[in-house]
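**Student:** Would you mind keeping the following structure in view while I ask a few things?
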Amino acid sequence: MNDLFGNPVIQTEKNPGDPDRRYRKARGYAAPPGSGPAGETCATCKHSYLHHRSGSKNWYKCALVKPTRGAATDLRLKWAACSRWEKAEEKIKGRT
């Protein structure tokens, strides 16, 4: 593809069509994802909770990390557990 002047356009974004690209940097975790017990995920951790905001928007967060008002500290429940993982006492509604 060329620009208006006939020069080739260089794509700078790594994955332009990836809808989950904002979650690639795991800043909402107390430790790197995957450093915890094998076979466990954030969905089974006692530190994950559903953060409610006004309206119908809700996100999962980690209680060990200070939450922000952005996607940077959101959890992906399907990601592998971190080394701070602890077994949840009961299942919270909405967890997968």
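The values are calculated or read from the model by the stated rules, or taken from the named source; none is laboratory data. All figures in this text were calculated on a predicted structure; none of them were measured in a lab. Cβ atoms come from the backbone with ideal geometry, glycine included; neighbour counts cover every protein chain shown.
**Student:** Which residue is nearest to the chain's Cα centre (by Cα), if the candidates are limited to segment 26-44 and must be part of a helix (DSSP H, G or I) and of a type in the set (A, V, I, L, M, F, W, C)? Give the derivation first.
**Tutor:** Applying the first criterion (part of a helix (DSSP H, G or I)) to segment 26-44 yields 42-44.
With the extra rule that they be of a type in the set (A, V, I, L, M, F, W, C), the set shrinks to 42-43.
Details: Cys42: 10, Ala43: 12 Å.
Across segment 26-44, the extreme among qualifying residues is Cys42.
**Student:** While we're on this one: Can you confirm whether segment 12-19 contains a residue that is more than 16 Å from Ala81 (Cβ to Cβ) and either in contact with a Ser or Thr (Cβ under 9 Å, 6 or more places away or on another chain) or at pLDDT 75 or above (or both)? Outline the logic, then answer.
**Tutor:** In the first step, residues of segment 12-19 are kept if they are more than 16 Å from Ala81 (Cβ to Cβ); the result is 12-19.
Okay, now just the ones that are also either in contact with a Ser or Thr (Cβ under 9 Å, 6 or more places away or on another chain) or at pLDDT 75 or above (or both), so none.
Looking through segment 12-19, none of the residues is more than 16 Å from Ala81 (Cβ to Cβ) and either in contact with a Ser or Thr (Cβ under 9 Å, 6 or more places away or on another chain) or at pLDDT 75 or above (or both).
**Student:** So in segment 52-72, with the set limited to residues that are surrounded by 13 or more Cβ atoms within 10 Å (Cβ to Cβ) and at pLDDT below 85, which one is nearest to Pro33 (Cα to Cα)?
**Tutor:** Ranking the candidates gives Ala72 first.
**Student:** Same structure, new question: Name the residue, out of His52, His47, that is of a type outside the set (A, V, I, L, M, F, W, C) and touching a Leu at 6+ places or on another chain (Cβ under 6 Å).
**Tutor:** Values: His52 fails: touching a Leu at 6+ places or on another chain (Cβ under 6 Å).
Answer to the selection: His47.
**Student:** Here's another thing I want to ask about it. Condition check: among the charged types (D, E, K, R), surrounded by 15 or more Cβ atoms within 10 Å (Cβ to Cβ) and modelled with pLDDT of 85 or more. Does Glu40 satisfy that? Explain how you work it out, then say what you get.
**Tutor:** Numbers: among the charged types (D, E, K, R): yes; surrounded by 15 or more Cβ atoms within 10 Å (Cβ to Cβ): yes; modelled with pLDDT of 85 or more: yes.
Against the criterion (among the charged types (D, E, K, R), surrounded by 15 or more Cβ atoms within 10 Å (Cβ to Cβ) and modelled with pLDDT of 85 or more), Glu40 qualifies.
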